[in-house]
Amino acid sequence: MIRRIAFLCLVLTLPVLAQTTLNGAGATFPYPMYSKWFSQYHKDHPDVEINYQSIGSGGGIRQVLAGTVDFGASDGPMTDEQLAQAKTKILHVPTVLGADVPAYNLNVTGELKFTPAVLAGIFLGKITTWNDPALTKVNPTIKLPSEPIIVIHRSDGSGTTFIWTDYLSKVSPEWKSQVGTGTSVKWPVGLGGKGNEGVAGLLRQMPGAVGYVELVYAVQNKIPYGEVENSAGDFVKASVETVTAAAASVKNIPADFRVSIVNAPGKNAYPISSFTWLLIPAQSKDATKGRILADFLNWMVSDGQKMTEDLTYAPLPGDVAAKVKAEIQQVR
């Protein structure tokens, strides 16, 4: 009995770690990566829980501006106008690189190729059948059916959409003038799905469909995706290596990291590649949370980068990672 009482006294006197919960919301594009990172960080730091809602970049930007989350996430950088609305300085912290891919549901033998003109034509509603001459010309060895093309796009405010429309605006003057670039645009044609998850789900359900998703969603859902002709005139398939090549070809990264790398030069560069960012208030409302955020970011840019390729994301280039470490020093 005495031993039991002594043991209970010892247990009761042990320090109890206070639990801190960080709440974030935003992009679906990097969600598989963030989910893995946040889980691993919690294993290493049991007293820290990081909750992340994969609601799309538009929602992440709105919530970080409203101050209802500790951090946001976006695949499209915030505009100057949006940053001016913030109550505190918002840092764009690059985390990984990924790719938008043209994924499709079509019963054909072989892998489809897409030119910039073909992708713009499909999403403008000008190319409406799979055996359109513009598609058969670049896919001469594939017997394409006469069935209609069903276009799938995002229905929510989306950084994946920003990347896709940024690319189309750079390669198609008609797209730029009629639709433009944004996290949400007025789509000429198509059906909407919520999140990368929703678009992937519609693609799997609808024969004849084509849409854009982040690479990992196509890989995990076993949805075919095509090669895209890059600015050097080469057809390139999205991969860790070709996304890395796109990032390496961009020589001048601005100090605030708000940069587009779509349609990058380089023979091996995949043309619809992008950084994705965490949106971090430089000054947290809670000093403890600020310290934890800074610690997580330092872990992310070092140990976390070693986990990226398993999920088909490309790690940050070394020079960018070094600049990010310096940026993190602002987080309080």
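Summary table
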read-out: Unique match (being modelled with pLDDT under 95, under 20 Å from residue 239 (Cβ atoms) and either among the hydrophobic types (A, V, I, L, M, F, W, C) or under 17 Å from the mean Cα position of the chain (by Cα) (or both)) among 320, 262; value: 320
read-out: Scope the range 176-198; condition of a type in the set (Val, Ile, Thr) and within 21 Å of the chain's Cα centre (by Cα); matching residues; value: 181, 183, 185
read-out: Filter result for the condition that a residue is in contact with a helix residue (DSSP H, G or I) (Cβ under 7 Å, 6 or more places away or on another chain) and in a helix (DSSP H, G or I), over 101, 118; value: 118
read-out: Candidates 233, 201 - the one that is without any contact (Cβ under 8 Å) to a residue 24 or more places away in the chain, over 16 Å from the mean Cα position of the chain (by Cα) and surrounded by fewer than 16 Cβ atoms within 10 Å (Cβ to Cβ); value: 233
read-out: Residue among 238, 264 that alone is closer than 30 Å to residue 171 by Cβ, in the same structural domain as residue 166 (by TED's automatic domain parsing), in contact with a helix residue (DSSP H, G or I) (Cβ under 7 Å, 6 or more places away or on another chain) and not in a strand (DSSP E or B); value: 238
read-out: Residues of the range 1-37 that turn out to be of a type in the set (Ser, Thr, Tyr) and modelled with pLDDT under 50, as a count; value: 1
read-out: Residue among 146, 172, 158 that alone is surrounded by 22 or more Cβ atoms within 10 Å (Cβ to Cβ), among the hydroxyl-bearing types (Ser, Thr, Tyr) and under 22 Å from residue 209 (Cβ atoms); value: 158
read-out: Index of the failed condition, residue 76 passing every other in (1) farther than 25 Å from residue 238 by Cα; (2) touching a residue at least 40 places away in the same chain (Cβ under 8 Å); value: (1)
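The values are calculated or read from the model by the stated rules, or taken from the named source; none is laboratory data. Source: prediction; values computed, not measured. So basically every Cβ, Gly included, is an ideal-geometry build from the backbone, and we count neighbours across all protein chains shown.
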